[in-house]
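Taking it in order: structure first as structure tokens, then the write-up.
The values are calculated or read from the model by the stated rules, or taken from the named source; none is laboratory data. Only a predicted model underlies this, so the values are computations on that prediction, with no experimental measurement involved. All Cβ positions, glycine included, derive from the backbone under ideal geometry; neighbour counts span all protein chains shown.
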Amino acid sequence: MQLARSAPGIDIDHTDDDIVIKIRRQHAMPLLSILLHSKFSDGPRIDFLTNPYVNALIEALIEPAGLTPDGLIMDRADLDQPIRRVEEWAASNGVAVDQRNLMLREATYPYVVDGIR
């Protein structure tokens, strides 16, 4: 069975095995915005903050959206809630410091945050 869906600027085709999504370059920014707002919402979920699939989609849309890594520097205070969420989760689950720092990098991606390396 093969289904095809489309919306302005995006075409989606899928079969039993694959999903192929084509996004027009000029529509990358709105989709990137949706992902970033979802990831850094008022109540971010730990599994969404550190999800490699979310970050891969964000990464794929950054350049076509006209952004560069230089423009993605964020003050730690601006990402306080997701950072606290990861730190609290890591502390309550006995996560080692190195692993917690990796989780923090994933949680704050695509932003570069001072003090998180």
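Considering region 52-77, the residues that are of a type outside the set (A, V, I, L, M) and free of Cβ contacts under 8 Å to residues at least 24 places away in the same chain include one that is nearest to residue 89 (Cα to Cα), namely 53. Filtered by the rule that a residue be among the aliphatic types (A, V, I, L, M) and within 15 Å of residue 105 (Cβ to Cβ), region 38-80 gives 46, 49, 54, 56, 58, 72, 73, 74, 79.
So is residue 85 among the basic types (Lys, Arg), at pLDDT below 90, closer than 27 Å to residue 114 by Cβ and surrounded by 11 or more Cβ atoms within 10 Å (Cβ to Cβ) or not? Judged against the criteria, residue 85 is not a match.
Applying the criterion of being basic (Lys, Arg) and either at pLDDT below 90 or under 17 Å from the mean Cα position of the chain (by Cα) (or both) to the residues of region 88-117, the residue that is surrounded by the most Cβ atoms within 10 Å (Cβ to Cβ) is 105.
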